[in-house]
Amino acid sequence: MTTQDVLTWLDQRRPAPPPVLAAHLAAAAESSPPPPAREALPGYLVELGRRLLARVTRAPAGGRELALDLLAADAFVTYGFEAQAEAEVDGLTALAERVAGGREGIGEPRG
């Protein structure tokens, strides 16, 4: 999987997100390290969301200027679950456990 694969998958979502959010999602994906070679799309999307959420939490005094990052973080995590449901519904529990368990395992190659 490549960054372009991620962008293509995001572009195919229906209904499409509002243009400003879609552009922010694409920019976040393009400015992040590429997906690890063996990482599945769902885990990588969740990792993108977690990175944006970390940016928001590092600015506790932030205001409305962080709203788009927060919306994008939510969208990436939601899309992670959508991608998992499309690939293998049985994997939803494991993905939820990875998300609930914190950073460990998110964005790392699956083995």
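The values are calculated or read from the model by the stated rules, or taken from the named source; none is laboratory data. Treat the numbers as computed from the prediction; the structure is a model and nothing was measured. Neighbour counts are summed over all protein chains in view; Cβ atoms, including those assigned to glycine, are modelled from backbone coordinates with ideal geometry.
Okay, here's what the table says:
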| quantity | calculated |
| --- | --- |
| Selection from the stretch 1-42 of residues that are small (Gly, Ala, Ser), crowded, with 19+ Cβ neighbours inside 10 Å and either at pLDDT 95 or above or under 10 Å from Ala72 (Cβ atoms) (or both) | Ala28, Ala29 |
| Single condition Thr57 does not satisfy, out of (1) modelled with pLDDT of 95 or more; (2) among the hydroxyl-bearing types (Ser, Thr, Tyr); (3) out of contact with any Leu (no Cβ under 6 Å at 6 or more places or on another chain) | (1) |
| Filtered residue count, the stretch 31-71, keeping only those that are within 12 Å of the chain's Cα centre (by Cα) and in a helix (DSSP H, G or I) | 16 |
| Given (1) more than 24 Å from Gly91 (Cβ to Cβ); (2) under 12 Å from the mean Cα position of the chain (by Cα); (3) hydrophobic (A, V, I, L, M, F, W, C), number of the condition Leu10 does not satisfy | (1) |
| Close pairs (7 angstrom Cβ cut-off, 6 or more residues apart or separate chains): among the acidic types (Asp, Glu) in the stretch 21-36, part of a helix (DSSP H, G or I) and modelled with pLDDT under 95 anywhere | Glu30/Thr3 |
| Selection count where residues are within 15 Å of Ala54 (Cα to Cα) and of a type outside the set (Gly, Ala, Ser), scope the stretch 66-100 | 9 |
| Residue selected from the stretch 72-95 under the condition surrounded by fewer than 16 Cβ atoms within 10 Å (Cβ to Cβ) and of a type in the set (Val, Ile, Thr), by the criterion nearest to the chain's Cα centre (by Cα) | Thr78 |
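Matching residues to (1) without any contact (Cβ under 8 Å) to a residue 40 or more places away in the chain; (2) closer than 22 Å to Ala96 by Cα:
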{"residue": "Pro42", "(1), (2)": "no, yes"}
{"residue": "Val46", "(1), (2)": "no, yes"}
{"residue": "Arg50", "(1), (2)": "no, yes"}
{"residue": "Ala54", "(1), (2)": "yes, yes"}
{"residue": "Pro60", "(1), (2)": "yes, no"}
{"residue": "Leu71", "(1), (2)": "no, yes"}
{"residue": "Phe76", "(1), (2)": "no, yes"}
